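*Asks:* One structure coming up, written as structure tokens, with questions to follow.
Bear in mind that the values in this text are calculations on the coordinates, not laboratory data. Just so it is clear, the structure is predicted and the values come from calculations on it, not from any experiment. All Cβ positions, even for glycine, are placed from backbone atoms using ideal geometry, and neighbour counts span all protein chains on display.
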Amino acid sequence: QVQLVESGGGFVQPGGSLRLSCAASGSIFKINAMGWYRQAPGQQRELVAVITSGGTTTYTDSVNVRFTVSRDNANNTVYLQMNNLKPEDTAVYYCNADVKYSRGGYWYTADYWGQGTQVTVSS
């Protein structure tokens, strides 16, 4: 099994910054893509940013330039630096990891999710 533990959410005023962290642990051979999604009340979960094992990044248009995703492959950790936060960024942020692991002599890949961390942007 694989566990993703997030930290760094909280309350911030518009224009402020927060940094989210997500550490993966458990039966991991390799983590392919890692990323962040968010879900606001009454809305569907949406992709925020994703980073491949090689460092290629993708962002949703609304956060491009303001947010930066990075990862520490040695420690199976992904980060999301959020700057110039806006009220519309308010949501629960979820970490996601595409994990490759071995069981019974076979290789598998599976998607894992963190428990979510609340980010609230308000004056």
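*Asks:* At 7 Å along Cα-to-Cβ for each site, give me the label-to-label distance between Phe11 and Ser102 in nm.
*Replies:* Here the answer is 4.9 nm between the modelled labels.
*Asks:* Still on this model: Enumerate the whole-percent occupancy of each 5 Å bin, from 0 to the last occupied one, for all C-alpha pair distances of the chain.
*Replies:* With 5 Å bins starting at 0, P(r) equals 2, 12, 23, 23, 18, 11, 7, 3, 1, 1, 0.
*Asks:* Now for a different question. Once you've got the GNM for the chain with C-alpha springs shorter than 10 Å, pick whichever of Arg38, Arg19, Arg66 has the biggest mean-square fluctuation.
*Replies:* Among Arg38, Arg19, Arg66, the largest mean-square fluctuation in the Gaussian network model of the chain belongs to Arg66.
*Asks:* When the Cα centres of segment 80-102 and segment 6-38 are compared, how far apart do they sit, in Å?
*Replies:* 5 Å
*Asks:* Under the 0.36 nm per residue contour assumption, what length would be gained going from the current alpha-carbon distance of Gln118 and Arg19 to full extension?
*Replies:* Extending this stretch completely gives an extra 34.4 nm.
*Asks:* For Ile28, project a label point 7 Å along Cα to C-beta. Then give me every residue of segment 50-68 with its amide nitrogen under 18 Å of that point.
*Replies:* 50-57
*Asks:* Given an 8 Å cut-off on Cα distances and at least 6 residues of separation, report the relative contact order of segment 38-81 as a percent. List each step's numbers first, then the result.
*Replies:* On the way: 45 pairs, mean separation 11.4, N = 44.
Once divided by the residue count of segment 38-81, the mean separation gives 26 percent.
*Asks:* For segment 100-108, take each phi angle, set θ = phi - 60°, evaluate the Karplus expression 6.51 cos²θ - 1.76 cosθ + 1.60, and give the result in whole Hz per residue in order, putting x for glycine and proline.
*Replies:* Once θ is set to phi - 60°, the couplings for segment 100-108 become 9, 8, 10, 8, x, x, 10, 9, 9 Hz.
*Asks:* Report the local net charge at Val2: Lys and Arg +1, Asp and Glu -1, summed over other residues whose C-beta lies under 15 Å from its C-beta.
*Replies:* Details: positive: Lys30, Lys100, Arg103; negative: Glu6, Asp98, Asp111.
Combined, the nearby Lys, Arg, Asp and Glu give 0.
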